[in-house]
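Taking it in order: structure first as structure tokens, then the write-up.
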Amino acid sequence: MDFDYSQKVLALKARVEAFMAEHIYPAEAAIFAEIAEGDRWQPSQILAGIKQHARAAGLWNLFLPDSARGAGLTNLEYAPLCEVMGRSPWAPEAFNCSAPDTGNMEVLERYGTPEQKTRWLEPLLAGEIRSAFAMTEPEVASSDATNIETSIRRAGDDYRINGRKWWISGAPDPRCRILIVMGKTAPDDPDRHRQQSMILVPLPWPGVVVKRVLPVFGFDDAPHGHAELLFNDVRVPAANILLGEGRGFEIAQGRLGPGRIHHCMRLIGLAERALERMCRRTRMRVAFGRPVAEQTVTQERIAEARIMIEQARLLTLKAADMMDKQGNKAARAEIAMIKVAAPNMACRVLDWAIQSFGGAGVTDDYGLAYGYALARMLRLADGPDEVHRNQIARLELRRYPGAESLTGGSATVLPADYSPGLSRRPVWIA
């Protein structure tokens with residue numbers, strides 16, 4: 001792939017960076033203060049004003065690929081813009097490019113009916129409402145999505161939904177007006193990947209209960225938040241089903257691939273800003289007669305952080321390029337790799353930055369503790385590290401279907417009386 005960004009992308013990136021410098025960074029502290037002082041679950045009016053500026057500037061819905069509704073950027077073209085947005089917790093929403101709305105809009109764009117697009121996609125693209133994606137459940141290991149137990153049963157012209165979901169990001173937001181819910185329509189289907197379906201559930205809606213908001217290391221992410229939801233005999237029209245019964249996994253694969261690119265690039269932007277703060281802090285602070293930046297341990301951490309960030313960025317760009325050229329399925333190993341590499345990298349860089357700030361690093365003053373909580377959560381969101389590592393290993397092992405010898409010949413057959421201690425010649429065992 002060509003690692004040089006096109007002139008179109010460079011121009012957009014410069015515009016996003018300039019907008020961040022003018023509107024986002026100066027307002028960060030004020031937005032946090034606004035939320036802390038008032039009703040934490042009401043949208044920020046400061047951010048709402050910034051969103052109007054972004055839309056007027058044409059920096060809106062940049063994420064949506066292959067669609068006239070967005071900026072028409074590929075995954076590779078959007079990636080560097082997403083990285084810039086990741087430098088601030090408020091930037092993605094300012095450009096109407098925040099999760100889970102981006103993934104939900106892509107689902108509606110790809111799989112929604114004209115009526116579903118009119119009712120839900122259009123107001124999402126306009127930034128008039130927000131959305132949530134209800135997949136994870138507390139009673140089962142949701143890293144294996146075939147375990148999902150929420151039932152979606154046909155009842156005449158309706159579907160009835162019963163179940164319990166949690167870590168539903170964005171559901172506590174009062175602007176959240178639509179849920180995409182994954183559950184089982186055919187629990188007895190012998191093909192475990194055809195048991196699940198996705199269905200649209202409006203909010204508020206009879207039978208949908210927000211049981212509680214779940215904090216992440218003490219951060220509640222207001223006014224966005226992460227909710228535990230109960231579905232008590234929820235009835236929605238049959239027309240709300242997405243793509244048809246048994247297509248839930250198909251939709252999930254189409255949704256999660258681009259979302260992982262977005263998460264990883266935002267984490268790279270977060271890590272870049274943490275490294276910048278670490279460098280400035282250690283050059284200013286003096287300990288034992290010299291700047292902390294001159295301490296060898298500090299220089300080693302700065303160097304290692306730079307190496308890790310560059311590695312994560314290049315691998316993520318490669319995954320984005322493969323998705324654009326070959327499709328999500330062909331890039332599944334690379335998508336899994338970045339989902340492990342980027343959050344772990346960000347956790348390490350943020351941890352070093354926190355350490356360089358001392359006690360100040362674990363306060364809310366510099367955003368490092370909040371950034372760490374976000375990065376650590378993303379080692380679980382969209383599949384935990386272990387699931388992605390298992391997938392990477394399985395794909396790697398498929399390249400070696402036989403027990404071939406290291407010399408490239410056929411598999412080595414050991415004699416019946418072979419004993420390693422008595423052998424006079426090495427025997428290569430694949």
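Computed quantities for the displayed model
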| quantity | calculated |
| --- | --- |
| Positive-end extreme of charge dipole, the chain - chosen from PHE63, GLY269, THR146 (charges on Cβ) | GLY269 |
| Exposure proxy order (Cβ contacts within 10 Å, fewest to most) of ILE148, ILE35 | ILE35, ILE148 |
| Residue of GLY358, GLY259, GLY371 that the Gaussian network model of the chain assigns the largest fluctuation, springs spanning Cα pairs under 10 Å | GLY358 |
| Point-charge dipole on Cβ atoms (K/R +1, D/E -1) for region 7-112, about Cα centre, debye to 20 | 300 debye |
| DSSP H segments from the chain that extend 27 Å or more along their own axis, Cα-based, with Kyte-Doolittle mean of -0.5 or above | 248-284, 296-326, 332-357 |
| Ordering of 156-165, 221-230 by burial proxy (mean other Cβ atoms within 10 Å per residue, highest first) | 221-230, 156-165 |
| In Hz, Karplus ³J(HN,Hα) per residue of region 172-188 (6.51, -1.76, 1.60; θ = phi - 60°; x = Gly, Pro) | x, 5, x, 8, 5, 10, 8, 10, 9, 10, 9, x, 9, 9, 9, x, 9 |
| Residue-averaged [θ]222 nm for the chain, counting only DSSP H segments that reach four residues, each worth -39500 (n - 2.57) | -14000 deg cm²/dmol |
| Region 222-270 - Kirkwood radius from inverse mean 1/r over Cα pairs (Å) | 14.3 Å |
| Magnitude of the charge dipole, region 1-69, Cβ model with Lys/Arg +1 and Asp/Glu -1, debye to 20 | 280 debye |
| Region 249-397 - percent relative contact order, Cα under 8 Å, separation 6 or more | 29 percent |
| Lysines whose Cα lies under 25 Å from that of LYS325, excluding same-chain neighbours fewer than 8 positions away | LYS8, LYS13, LYS339 |
| Selection from TYR372, PRO26, ALA293, by position along the positive dipole direction of the chain (Cβ) | ALA293 |
| Residues PHE231, PHE217, PHE357, sorted so that the one with the fewest Cβ neighbours within 10 Å comes first | PHE217, PHE357, PHE231 |
| Cα principal axis extents for region 7-112, largest first, Å | 41, 33, 21 |
| For the chain, with +1 on Lys and Arg beta carbons and -1 on Asp and Glu, the positive-most of ILE161, GLN45, PRO384 along the dipole | PRO384 |
| Estimated dipole of region 249-397 in Debye, rounded to 20 [Cβ of Lys and Arg +1, of Asp and Glu -1, Cα centre] | 140 debye |
| Listed candidates (1) 416; (2) 201; (3) 154 - label of the one calculated as volume of the Cα convex hull per residue in Å³ | (2) |
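Bear in mind these aren't lab numbers, they're just calculated from the coordinates by the rules spelled out. Bear in mind that the values here come from a model prediction, so they are computed numbers and not experimental data. Please note: Cβ atoms are built from the backbone with ideal geometry, for glycine as well, and neighbour counts cover all protein chains shown.
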